[in-house]
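See structure below.
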Amino acid sequence: MNKYNFLHLVSSIGIFIVLFLALFLLTVKTKYKLGNRLFAFFLVGNAVDALKFLMREFPINHINLEAFRWSIVYLVPASFYLYVLSICYSNFRLRQKHLLHTIPFIAYNLYLMWGIYFVDRSSKIHFIKGMNEMPLMQFFQFLFEFLFQVYFIASFLVIRKSKTVYLENYTNPTISVINALYKITILYYILHFLVLLRWLATFIFGWGEVRAWIVTLDGCAFLFCTCWYLLTALNNPDFFRGVNSYLKPITESIPKQKTSLLITEEKNKEIQFLKDFMMEKEPYLDSSLTIQGLSEQVKIPVKDLSTLINLYMDKHFFDFVNEYRIEKAMQILKDPAQKELTVLEILYQVGFNSKSSFNTSFKKYTGKTPTDYRKHAL
């Protein structure tokens, strides 16, 4: 099997998996419909772009369709960015303002109307042969790369901000899913980096052997990323419940610099009161506890409570609550009277709802796994 047949096989498998996953996302019954649809559109856009791997020569009988295929890439980075927003923020909705993201796609198609769509075949071919030398086409190529970088950076900033807000306001966030979203974003960028290498190889070496091998590598990377998307979807069926987009990191809400915060006697009393409340009332046993819920229980305004925990106590709300859960779990694990309880039963009992989250937090706090801790404690 030569590299062209290998590339054809790999790309065909990748495209099939992508379209199958997109169909599943569009038809599965879930409350996360918007995120699923945006990700499905992103996957279909990648599948359409990947059709180039199946082409041995230019489709001269379908020039208009091929030209339109080129324009789809102007929607893919924007769809990924909107997907990230829909995943990270539970109250995200598509608005009319989001239509602005389609402007490059529309502008590029208007350009193609003049050069390809509404002219005869000979004019189409003449236009295509010289289009890479045209200043306007070079502008559109630069525009695509610029937009990709902007959307990629924007996606990372959204993920980072939402993770900070989540840790400051919620307990038991699915950190593994946030990390998966990070990895998907990185893989997406790596895939694009191979595209840049292909462009560079074409510019330096022309349409030769070097470019052919990079195209083959690009096709294999496409299949790998496709399988990664599928694996991530299977491992995270409830893909991140999202935070409220109106919530802001506490450092944005409190203009003071953290280093200027002085712990006064009054703050010490508030901190001690909060610690005593956590020990006596054990609100952390509620796996769905949020900072809003704790605020109602301790009768402290949410903003003040968040400042007290995240700035004065120098802890995320997530870590603050889970430390009490770990302490409670440690008491149970070293209690001979409760040695019949399994680790799974204990983690649910102390307020966790994920075994992986419990194990990670427990080892971070104690340096041991729950099983090892129990062996040494009993």
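Couple of notes before you dig in:
- The stretch 153-177, subset part of a helix (DSSP H, G or I) and modelled with pLDDT under 70, residue nearest to G351 (Cα to Cα): I175
Conditions (1) modelled with pLDDT of 85 or more; (2) aromatic (F, W, Y), marked per residue:
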{"site": "E265", "(1), (2)": "no, no"}
{"site": "F273", "(1), (2)": "yes, yes"}
{"site": "T307", "(1), (2)": "yes, no"}
{"site": "Q331", "(1), (2)": "yes, no"}
{"site": "D335", "(1), (2)": "yes, no"}
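- Check on L247, modelled with pLDDT under 85, outside any helix (DSSP H, G or I) and either of a type outside the set (G, A, S) or exposed (fewer than 11 other Cβ atoms within 10 Å of the Cβ) (or both): yes
- Enumeration of residues in the stretch 94-142 that are of a type in the set (A, V, I, L, M), closer than 23 Å to A78 by Cβ, free of Cβ contacts under 8 Å to residues at least 40 places away in the same chain and open to solvent by less than 40 Å² (accessible area, probe 1.4 Å): A107, M137
- Residue match in the stretch 59-72 (condition: within 24 Å of the chain's Cα centre (by Cα) and either open to solvent by less than 60 Å² (accessible area, probe 1.4 Å) or more than 27 Å from L147 (Cα to Cα) (or both)): yes
- Test: residue in the stretch 2-17 that is open to solvent by 50 Å² or more (accessible area, probe 1.4 Å), of a type outside the set (K, R), in contact with a Leu (Cβ under 8 Å, 6 or more places away or on another chain) and part of a helix (DSSP H, G or I): yes
- Those residues of the stretch 39-58 which are within 28 Å of L100 (Cβ to Cβ) and either open to solvent by less than 20 Å² (accessible area, probe 1.4 Å) or among the aromatic types (F, W, Y) (or both), in sequence order: F39, A40, F41, F42, L43, G45, A47, A50
For (1) touching a Leu at 6+ places or on another chain (Cβ under 9 Å); (2) acidic (D, E); (3) within 28 Å of V10 (Cβ to Cβ), each residue gets a yes or a no:
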| residue | (1), (2), (3) |
| --- | --- |
| L38 | yes, no, yes |
| L43 | yes, no, yes |
| A47 | yes, no, yes |
| K52 | no, no, yes |
| F58 | no, no, yes |
| L75 | no, no, yes |
| A78 | yes, no, yes |
| Y83 | yes, no, yes |
| L94 | yes, no, no |
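- Residue within the stretch 276-287 that is closer than 20 Å to K163 by Cβ and touching a residue at least 12 places away in the same chain (Cβ under 8 Å) present: yes
- Taken together, L38, L51, L85 contain a single residue that is under 20 Å from F156 (Cβ atoms), free of Cβ contacts under 8 Å to residues at least 60 places away in the same chain and not β-branched (V, I, T), which is L38.
- Taken as a whole, the stretch 287-305 holds at least one residue that is among the small types (G, A, S) and either exposed (fewer than 13 other Cβ atoms within 10 Å of the Cβ) or closer than 19 Å to N359 by Cβ (or both).
- Here K328 does not qualify as assigned to a loop (DSSP other than H, G, I, E, B), open to solvent by 40 Å² or more (accessible area, probe 1.4 Å), of a type outside the set (D, E) and free of Cβ contacts under 8 Å to residues at least 60 places away in the same chain.
- Qualifying residue in the stretch 305-323 (condition: over 15 Å from E168 (Cβ atoms) and assigned to a loop (DSSP other than H, G, I, E, B)): no
The values are calculated or read from the model by the stated rules, or taken from the named source; none is laboratory data. It should be emphasised that the depicted structure is a prediction, and the values quoted were computed from it without experimental measurement. All Cβ positions, glycine included, derive from the backbone under ideal geometry; neighbour counts span all protein chains shown. With ligands, DNA and RNA removed, areas are computed over all heavy atoms of the protein, side chains included. Shrake-Rupley method; radii C 1.70, N 1.55, O 1.52, S 1.80 Å.
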